[in-house]
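Student: Before we start, here is the structure in question, set down as structure tokens.
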Protein chains: 2
Amino acid sequence: MSRKQYISPAIIHRLPRYYRYLSIIEKEGISKISSKDLADIMGLTSSQIRQDLNSFGGFGQQGYGYNISELKNEISSIIGLNNHFKAIIIGVGNLGKSVANYMDKAENGFEIVACFDKSDDLVGTGLLNLKVQSINNLVNFCTENRIDSAILCIPSEEAKQTVKALYDIGIKSFCNFSSYDISLDYRDIQVENIHLRDSLMSLCYKIADERI
Amino acid sequence: MSRKQYISPAIIHRLPRYYRYLSIIEKEGISKISSKDLADIMGLTSSQIRQDLNSFGGFGQQGYGYNISELKNEISSIIGLNNHFKAIIIGVGNLGKSVANYMDKAENGFEIVACFDKSDDLVGTGLLNLKVQSINNLVNFCTENRIDSAILCIPSEEAKQTVKALYDIGIKSFCNFSSYDISLDYRDIQVENIHLRDSLMSLCYKIADERI
């Protein structure tokens with residue numbers, strides 16, 4: 001597949017879903033699937049699937065369906081999973097630890113190369129095969145090593161200061177678990193927000209709505 | 001505000017964002033805001049904001065802007081934040097612990113009433129003001145107590161079995177951190193998925209895309 005000029009955010013967010021569903025289907029030993037069957041499984045329409053894949057120059061032959069492992073590999077290459085981007089984890093409390101352990105196991109395009117915390121109790125302890133560094137080393141480390149992305153597992157106020165320090169030395173990609181909204185202050189960044197409270201509130205709405 | 005018949009999933013997902021931004025603006029001591037200014041801050045258009053709020057019967061007077069704290073309270077009541085739905089946490093490893101601590105602090109519409117784990121090392125330990133229970137008690141506990149939602153902080157395979165057991169006794173609302181896609185197997189449920197790998201992959205795509 002070749003990449004066309006503009007890919008909408010909605011399609012970008014569907015790519016990991018394609019990858020996830022194709023992995024499930026592949027594990028079940030299925031080697032081929034029609035756009036209709038894939039659409040049914042994913043809760044999409046077959047025309048939407050064809051349109052999505054056409055954004056990347058199309059894939060599959062009309063009437064023959066998609067070869068699962070080929071499509072999965074193509075999507076992996078579109079996402080850029082083989083890049084092994086270098087990421088750091090900031091904050092290694094319970095959340096940071098669980099994120100580190102998760103990222104160590106599952107293919108996701110990133111490799112954790114360092115982790116930082118402000119707590120003296122945690123600095124020097126081990127996480128994965130790394131030693132937790134003091135947050136005071138953060139800027140120095142990131143100046144001396146090429147870092148592609150920072151994963152923020154710290155509260156909102158600390159996240160704000162940390163993003164400023166990292167942005168000032170050229171780091172513009174963040175996976176953000178805090179409720180600080182980075183894109184309010186910076187426009188030229190890449191960010192994925194995991195706002196747990198937003199998800200809980202959406203769920204709360206759905207439950208409340210059903211009981212009306 | 002009164003609720004009209006159908007509210008689109010996109011609006012439902014924007015409600016917590018409204019609440020979050022209004023909280024930030026309120027903290028800055030601002031008491032009134034025009035739909036244009038709110039739109040600029042949130043990266044939306046003013047017509048979209050008016051449309052969203054019109055879904056709930058409208059709010060604010062043309063030309064006078066919105067009263068921040070009134071609008072925030074209305075949105076809180078639309079989301080149903082005062083319901084204090086009863087939730088349980090399943091899996092109290094690092095992830096479950098961080099979710100429990102987070103939920104204990106931030107207003108989100110839920111109250112944690114029990115937590116469960118399969119590990120003998122964790123059963124009987126304390127989390128918040130609760131004692132971690134054995135996963136073997138899960139079905140009994142949920143049969144005897146009214147539970148509104150289960151928060152799944154366990155791996156995909158365990159999540160699948162657990163959802164089945166809970167669904168069979170009538171629990172149909174889940175906050176899901178595992179990569180198991182509950183809506184593949186059940187259609188009549190409410191679920192919010194927090195698929196960390198999907199977020200990482202989207203971020204990976206964005207970084208790779210910028211470097212082409």
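No lab work stands behind these numbers, since they all come straight from the coordinates. Remember, predicted model here, so these are calculated numbers, not experimental data. Ideal geometry is used to build each Cβ from the backbone, glycine not excepted, and the neighbour counts take in all protein chains shown.
Student: How are the alpha carbon pair distances in segment B:27-163 distributed across 5 Å bins from zero to the largest one, expressed in percent?
Tutor: 2, 9, 16, 16, 12, 8, 9, 10, 9, 7, 3, 0, 0
Student: Something else about it: For chain B, build the charge dipole from Cβ charges (+1 Lys, Arg; -1 Asp, Glu) around the Cα centre, then report which of B:123, B:184, B:166 sits farthest towards its positive end.
Tutor: Going by the charge dipole, the pick is B:184.
Student: Follow-up question, since we're still on this one. Tell me, B:19, B:205 in order of fewest to most beta-carbon neighbours within 10 Å? Please list the in-between numbers first.
Tutor: On the way: B:19 22, B:205 25.
If I rank by nearby Cβ atoms, fewest first, I get B:19, B:205.
Student: Arrange the following residues from fewest to most other Cβ atoms within 10 Å of their Cβ: B:209, A:198, A:121.
Tutor: Sorted ascending by nearby Cβ count, the order is A:121, B:209, A:198.
Student: Restricting attention to segment A:63-96, which chymotrypsin sites (Phe, Trp or Tyr not before Pro) occupy a DSSP loop and are surrounded by at most 13 other Cβ atoms within 10 Å?
Tutor: A:64
Student: Give the distance, in whole Å, between the Cα centre of segment A:70-89 and the Cα centre of segment A:176-202.
Tutor: About 22 Å separates the Cα centre of segment A:70-89 from the one of segment A:176-202.
Student: Using +1 at the C-beta of Lys and Arg and -1 at the C-beta of Asp and Glu, which of B:93, B:79, B:114 has the Cα lying farthest in the positive direction of the dipole of segment B:41-125?
Tutor: B:79
Student: Next up: If each residue's Cβ is checked for other Cβ atoms within 10 Å, how do B:118, A:105, B:206 rank with the fewest at the top?
Tutor: By the 10 Å Cβ count, ascending, the order reads A:105, B:118, B:206.
Student: Next question, about the same structure. Hey, which lysines would be in cross-link range of residue A:36, C-alpha to C-alpha under 19 Å, not counting anything within fewer than 8 residues on its own chain?
Tutor: Result set, ordered by chain and number: A:72.
Student: Determine the principal axes of the Cα atoms in the protein assembly as shown, then give the extent along each, sorted from largest to smallest and rounded to whole angstroms.
Tutor: The Cα atoms of the protein assembly as shown stretch 52, 52, 51 Å along their principal axes.
Student: Let me ask something additional. Placing unit charges on C-beta atoms (Lys and Arg positive, Asp and Glu negative, everything else neutral), compute the dipole magnitude of chain A about its Cα centre in debye, rounded to 20. Could you put the intermediate results ahead of the total?
Tutor: Values: 23 positive and 25 negative charges, 96 e Å.
Here the size comes out at about 460 debye.
Student: By DSSP, what percent of the beta bridges with both residues in the protein assembly as shown are antiparallel, rounded to the nearest 5? Mind showing how you got there, number by number?
Tutor: Details: 10 of 48 bridges.
Expressed as a percentage, antiparallel bridges in the protein assembly as shown total about 20.
Student: Where the only charges are on Cβ atoms (+1 Lys, Arg; -1 Asp, Glu), what is the dipole of segment B:74-166 about its Cα centre, to the nearest 20 debye?
Tutor: 100 debye
Student: Further, regarding this structure: I'd like to verify something in chain A: which complete DSSP H helices, judged by Cα projection on the helix axis, reach 27 Å or more and average at least -0.5 on the Kyte-Doolittle scale?
Tutor: Passing helices, by number: A:9-27.
Student: Please give the calculated 222 nm ellipticity per residue for the protein assembly as shown, where each DSSP H segment of at least 4 residues contributes -39500 (n - 2.57) and the sum is spread over every residue; nearest 500 deg cm²/dmol?
Tutor: -14000 deg cm²/dmol
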